[in-house]
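Laboratory data are not the source of any read-out in this text; all were calculated from the coordinates shown. Note that the structure is a prediction, hence the values are computed from the model and not measured. Using ideal geometry, Cβ is built from the backbone for each residue, glycine included, and neighbour counts are taken over all protein chains shown.
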Amino acid sequence: MQWISSAMAAIPLLEREAPAAERSGIRPKSGVAKGYGPDPDLMRKYKPGDLWPLTFSKDQRRLVIVLCDIIMPADKTSPSASMLGVHDFVDEWISSPYPAQKGDRNIILKGLSWLDEEAGRRNKANFISLNPKNQLAICQDLARKAKADSRRFPGSFFYRLRNLVAGGYYTTPAGMKDIGYLGNVPQAEWNGPPEEVLKKLNLPSQ
Amino acid sequence: MPIISPKQKQREYDVVIVGSGAGGGQMAYTLTMEGVKVLVLEAGRMFDPVSETAMFHTWDMAPLRGVATPDKQYGFYDASIESGWEIPGEPYTNASKDKLRQFVWWRQRMMGGRTNHWGRVSLRNGPYDFKTHSRQGVGFDWPISYDDLAPWYDKAEMLVGIFGDSEGIENSPDSSPGVLLPPPKFRAGELLARERAKKLGVSVVPVHRAILTKQQDAQRVPGKLHPGNKKAQRLLAANMRLRLKCFFATDCHRGCSIKAAFDSTSVYLTPALKTGNLDILPNAMALEVTLNKAGKAKGVTFIDKTTGTEQHVAGRVIVLAAGSQESVRLLLNSKSNRFPNGLANSSGKVGKYLTDSVASRVSGQIPALEALPLHNEDGVVGQQAYMPWWLAGQQQKLNFPGGYKALLVSGRKMPSLNTGKSFDRVSGGDGIPFGSKLKEDARRYHGSFQSIGAQGAMAANDDCYCELDPKVKDKWGIPVLRFHWKWSGDELRQVSHQQQAMTEILEAMGARFFRAPYVDEPEKAISQGGKIIHEVGGAIMGDNPEKSVTNQWGQTWDVPNLIIGDGATFPGTADKNPTLTIMALAYRAADHLAGELKKGNL
C-alpha cells in the first residue's frame, strides 16, 4: 500500500497549488463560462482553471485525489495520478462549458456523493476515512459494474472517472514515458525499428 | 505587392482568385511567376504556420487534453482556426432528416485553406480513373486522359515536395524518375502487414505524402519548373532553401513550423508574394461574381469582415477556388438576367454530381505487436504505408465499380485521452482495469492495436447534389446551400468488400477482433458524406457544354474568363485522395491561362 501513503503525502503540496478561482472560493454556476472560441492561442500552455472556473469543493477535490491514486497509483517506475495533477484535469473537464462534457459533470458529481453514501452504508464513514482495503473493495465492485454495463449508474461513474484519470495520466510527459512512448523529439534520421524488434517478429531487415 | 486591406486594392487585376488553398494557391503561384498581376481573396485571417504552430506541445498543455470541441472540431492543436463542419452564423442545410442521406461540410476560413488541415497523402489518379464511364458504365469520363495530366503531376510533385516510391501497380501511377523524395522506413507493424498481406495478393507499399524527407534540390528543380524564367527560378530556389527536411516527430495536422510538410502559405503564397505580382486580401468573404454588359466576368463583390462593408474588386479573369461547394455556392448566388439560375449554369449542372471518398474502417489487436522492445516509432507521424487497390485488373469480376485503397498506421503513438480506456477490450478480469493492473496492461498493449482505413471511388450520380436553400441565409445575408445525399448500391457493396478484405488482412496479421465486420450491414460502417473531407464536384468539367460546367482547363462554358480552380470540376472521385489532382489541374489551368493572357485571348 505504498501508493496510498505517497498519495497522501502529495495532498498538501497540490492544495497549495490549487487554482486561483478555487482559492478565492468563487464557484460560478456551470453554463456561465464560455469556451475558448474558434481562434484560441495555440502556443499558450493552459492549466486547469485558466479558461473557466473549476467546480470541486475542497472535500470533493480531496476525494478525487484519493480516487486518482487508486486508479493510477505510484509504483517503482512512475508517479501516481495526483502527483501529476490529474485531479485538477478532472475538475477542468467536468467544469467545461461545452455540451459534450455535461454528462460527465452530472455523473461524476453524483458519483462522488454516492461514494460517501456507499461508504456510510458499508462502514459508517465517508469514503476518504475508510482504510485502503475498504476503499479498494468499493472500487472493485464499481469496476465490475462498469464492465457489465458502462452506462448504468454507479458503474457509469467509475467508468467515466477511470477514463478521465487514466487518459489524463497518459497525456502527461510522465505518463507517456510510463506507457513506453518515446517520440515527440526531433531526430536527424528515422531508421525504422531496431534489429531486435525485427528478430522478435521474425521479419527480415529493412 | 503584399498583404493588403480593402483600401489598398488596385483598380483592376489581371486575375482575381477567390480562395488561398491547394487550388487558389497553386494558381496564384504559377500566374505570378509568369508576371500576371493577381489578387487573392481569402475569407479568413492571415495565419503564420511558423509562429502559430504548437508542434511539440503535449496534450496536458491544451484545454481538455486537446479533445475536439465545437470551437476546434478536429482537436485543439489541429491547424484549423475559424473552421469546422459547423461554423456559427454560417449554416447549411440538408434536405433529408435521415443521417445516411445527409452531407456534412467542412469549411476552412484561414489563409492557406484546407492545406493547413490535411494528412498530406498525395496520390495520382490512375488512367482508369479518368475514364470511369467508358470502363465501368457509371459516372462520367473526364475530358482529359491520365497522359494529359501526367506532366503536371510531375511538376506539382516537384514543387510541393512529395515522398513515395514507384511500384508499377496497375492504375496507381508511378512518377517520373527523380520526381519523388525517398519514402520513410516502415514501422514494425507496417513491416508485419507487408509480410502477412503477401499471401492475400495485397501489396503494402510506401504511401505518397507532401512531406520533405530530404531537402528539395534547389539547384535542379527550379530550372525544370521555370525554364527560361530566371526570376522565378531564383525565387523558388530561395523558398526551397527555407524548407527543412522532416525531423520525424509531431503530427502534420498541427502544421509545420519548419515547412517540411507542405501548406499553401509556406510553399505557394510566400514565393508568390516575392514576385511583386501578388496582393492578398484576407477577411474578404466573397458574395458574388459580377458581369459586364457583354456577359463576361468583371469582378467579385465581397464583404470586408473587418468592417462589415460590401466591396468590389475588378479583374480581367476571375478564378473560383473557394473549396468545391463554396465555389458552387458563389456561382448559384451570382444571379443576373442573363443567368437567372446562377452564373455559368445554362446547363443546369451547377451543384450537381457531388462525390466523396467511400470510407470505412476495421480495427483489431495484434498479439505479435505486444510488449515489443521500446523504441521511437514516430517516423513521419501518421501514414507511411498503404495498400493501393489490388484488383484493378479484375474489376469486372466484382459487384461494384471502382476500387479503394487501404491505409494503415502502426506503432506506439503519442497517447491521447482515449488511451486510458483503450485496454478494456483486451484486459482480463471481471472489472474494467484500474490500479497497477491498468498500468501493466498499458505497458504491454499500447501500440498493439491496428486499424485499417479504406477510402474508395465514387462515381457521380443524380442523388448527390446541392442547391440554394430557398429560405436560410447566413450572417452576411447570403443564401446557404442545401445538400442532397444518397449512397448508391455500388458504394455500399464496395464497403462490404472493404470490411471483408480489411478483416482478412488483419487476420493474416494474427488479429483479435472485438466485433464482427459490417460485411452485411455496410450502412453501419460507411463514413457519412463529408466526414472524410474529400468532397469534390458540383461544377464538373467535360467536353459537352450541355452536360458539364467547365472545359478541361476549368473555364466555364458560359463565361470564358471565369475559371473554376478547385475540386468542383472533378467529374468523380477516384480511390485516391483529391488534393494532388486539385494541384495538378490548377497548375495546368494556370499554365493555360497564362498562355491565353499572353496571347490576348481573354
Amide H proximity to B:Gly342 below 5 Å, modelled H, separation 5+ or other chain, gives B:Ser336
Once phi for every residue in region B:218-231 is put through the Karplus expression 6.51 cos²θ - 1.76 cosθ + 1.60 (θ = phi - 60°), the whole-Hz ³J(HN,Hα) values, with Gly and Pro written as x, are 6, 7, 9, 5, x, x, 6, 7, 10, x, x, 10, 4, 5
With the 8 Å Cα cutoff and a minimum separation of six or more residues, chain B has a relative contact order in percent of 23 percent
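Averaged over B:53-59, how many beta carbons belonging to a partner chain fall within 10 Å of each residue's beta carbon? Please report the intermediate quantities before stating the final value.
On the way: counts 2, 5, 4, 3, 6, 7, 8.
Across the residues of B:53-59, the mean count of other-chain Cβ atoms within 10 Å is 5.
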Region B:22-72 and region B:563-602 have their Cα centres apart by a whole-number Å value of 21 Å
For region B:105-159 the mean separation of alpha carbon contacts under 8 Å (6+ apart) over residue count, i.e. relative contact order in percent, is 22 percent
Shielding of B:425-435 by other chains, given as the mean Cβ count within 10 Å, works out to 6
Taking every DSSP bridge whose two residues both lie in the protein assembly as shown, the antiparallel percent to the nearest 5 is 70 percent
Env charge @ B:Ala454, Cβ radius under 11 Å, K,R +1 / D,E -1, value +1
Expressed as a whole-number percentage, the relative contact order of region B:379-437 with C-alpha contacts under 8 angstrom and at least six residues apart is 29 percent
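Using Cβ counts within 10 Å as a stand-in for footprinting exposure, how do B:Ile303, B:Ile144, A:Ile71 rank, fewest first? List each step's numbers first, then the result.
Numbers: B:Ile303 20, B:Ile144 16, A:Ile71 29.
Exposure proxy ranking, most exposed first: B:Ile144, B:Ile303, A:Ile71.
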So, with points 7 Å from each Cα along the Cβ direction, the B:Ser436-B:Asp48 label distance in nm works out to 5.2 nm
Amide H contacts under 5 Å for B:Val319, restricted to residues at least 5 apart in sequence or on another chain and with H modeled in the peptide plane, are B:Val16, B:Ile17, B:Val18, B:Ile563
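Using Cβ contacts closer than 10 Å as the measure, can you line up B:His312, B:His208 from fewest to most? Provide the component values of the computation, followed by the final result.
Values: B:His312 14, B:His208 26.
Listing B:His312, B:His208 from fewest to most nearby Cβ atoms yields B:His312, B:His208.
Provide the net charge surrounding A:Ile138, with neighbours chosen by a C-beta distance below 14 Å and charges set as Lys +1, Arg +1, Asp -1, Glu -1. All intermediate terms of the calculation are to be shown ahead of the outcome.
Working: positive: A:Arg121, A:Arg122, A:Lys124, A:Lys133, A:Arg144, A:Lys145, A:Arg162; negative: A:Asp116, A:Glu117, A:Glu118, A:Asp141.
Neighbourhood net charge equals +3.
Taking neighbour Cβ counts within 10 Å as the exposure measure, how do B:Thr53, B:Thr30 sort from fewest upward?
Details: B:Thr53 23, B:Thr30 29.
Ascending Cβ contact count within 10 Å gives the list B:Thr53, B:Thr30.
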Taking only the alpha-carbon atoms of region B:516-602, the convex hull volume per residue, in cubic angstrom, is 109 Å³
Counting other chain Cβ atoms within 10 Å of each Cβ in A:68-74 and taking the mean gives 3
Given pairs B:Lys397/B:Lys531; B:Lys72/B:Lys155; A:Lys177/A:Lys200; B:Lys349/B:Lys471 and cut-off 32 Å on Cα-Cα distance, the over-length ones are B:Lys72/B:Lys155
Helix B:489-508 sits off the longest principal axis of the Cα atoms of chain B, rounded to the nearest 10 on a 0 to 90 degree scale, by 40 degrees
